Every structure is written in C-alpha cells, then in structure tokens.
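One structure is given here, and the rest of the page talks about it.
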Amino acid sequence: MSKPLVGIIMGSQSDLKIMKEAAEFLEEMKIPFELTVVSAHRTPKRMVDYASTAADRGLKVIVAGAGGAAHLPGMVASLTTLPVIGVPIKSSNSIDGWDSVLSILQMPSGVPVATVALNGSKNAGILAAQIISVADKAVTKRLSQYKLSLQKKVEESFKEIESKGWRRSSE
C-alpha cells in the first residue's frame, strides 16, 4: 500500500458517518489516505503528535472534522504548515451546527483553515484531491473526469425535463 498523502481525522468515532464521504471520494480518486480519531480536548497530546509529525510522515493535506466547539481543525493548523480542511459537523451537543461552523471558519490571522459546509466531508475530499492534483497529473485527469461526470448528470436532468415539453419562460 502506498504511503498516505491525506490524513482524515475526526474528534470522535461518531463523526465517522460524516467523514467517510471524504474517504470514499479519495478512494475513488486513488489517493492513499489514513483515517483516525484525534480529539483536541480528550487526547491533546495525540493531536499534537499527529499534527507535528504529519508532514514528516508524507502527508500533504489534513482533513479534520469536528462538532460542537470544533477546535480540532484550528489546533491542528496551528501545529503544521500543511493545508488543513475543516469539516464542521452537526453533532448531538451542537447548536444546530453553527457552533462548529463558526469555530472552524473564524480562525485568527496566520492560522488559516479551509472550511467546507456543515457535514460537507465529500467536498473536503474533493478539495484535498485538488490540492494533491497540483503535483500529480494522474489525479488531475481523474478529477477532470469526475467534473465531466457532474456536468453530464446536469445535462441529462435538463434534457429529461425538456423532453416533457417544458421550456424556459424566455422562449
């Protein structure tokens, strides 16, 4: 197995139901990754070790999902020079997800975290793949094919609607 290029971490195992979408996308793109639980609050030493050794272990991007106070992405970003993509997760102790979104989004100057939508780990996987693609033409090609498949889905949907005789109001 190839060395992981993307680290997918989450604050607790209950986040896996959301974070697995990032892993599934990376598998589809044939990008090696690792996935584990790293809690900023319950295992801070593990978090520090994970983040501070990530680049030396060959990781190029970290995708970090967290709910509630959601300190994991920001704390990891403070400990590494790697790009960190934060996934806010609507958890059982969440204030409708806003606490997670704002905790990840409102990072201080000098410690950026790319932030995707609430529960948006697939987009985090896509963004991680796009970052990897800068130095990997094979990933670039697979991403291009993926984007083309999205376009085809939309084209098929509007052709289906138009086949029913519905037209744009401007015609």
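Here, each number is a calculation from the coordinates, and none is a lab measurement. Bear in mind the structure is a predicted one, so any value in this text is a computation, not a measurement. A quick note on method: Cβ atoms are made from the backbone with ideal geometry, for glycine too, and the neighbour counts reach across all protein chains shown.
Here are some notes:
- Sequence-distant residues sharing a close amide H with THR115 (under 5 Å, placed H): GLY86
- For VAL63, the residues whose amide H sits under 5 Å from its own are GLY7, ILE8, ILE9, ILE85, ignoring neighbours fewer than 5 places away on the same chain, with H placed 1.01 Å from N.
- Cα centroid separation - segment 2-22 against segment 51-86, whole Å: 12
- Simple spin-label estimate for THR140 and SER14 in nanometres, 7 Å along Cα-Cβ: 4.3
- Rounded to whole Hz, the Karplus (6.51, -1.76, 1.60) HN-Hα couplings of segment 43-56, x for glycine and proline: 9, x, 5, 4, 4, 4, 5, 4, 5, 6, 9, 4, 5, 5
- The phi-based Karplus calculation (6.51 cos²θ - 1.76 cosθ + 1.60; θ = phi - 60°) puts the 3J(HN,Hα) values of segment 92-106 at 5, 9, 7, 9, 6, x, 5, 4, 5, 4, 5, 4, 7, 6, 8 Hz, whole numbers, x for Gly and Pro.
- Label-reachable residues, segment 32-56, where backbone N falls under 17 Å from a point 7 Å from ALA69's Cα toward its Cβ: 38-48
- Computed over the chain: relative contact order in percent, which uses C-alpha pairs under 8 Å that are six or more apart: 22
- If the segment from SER52 to THR81 were pulled out straight at 0.36 nm per residue, it would be longer than the present Cα-Cα gap by 9.5 nm.
- Distance cut-off 18 Å, percentage of C-alpha pairs in segment 80-171 lying past it: 64
- Restricting segment 121-171 to trypsin sites (Lys or Arg not before Pro) that sit in a DSSP loop and have at most 13 other Cβ atoms within 10 Å of their own Cβ leaves LYS164, ARG167, ARG168.
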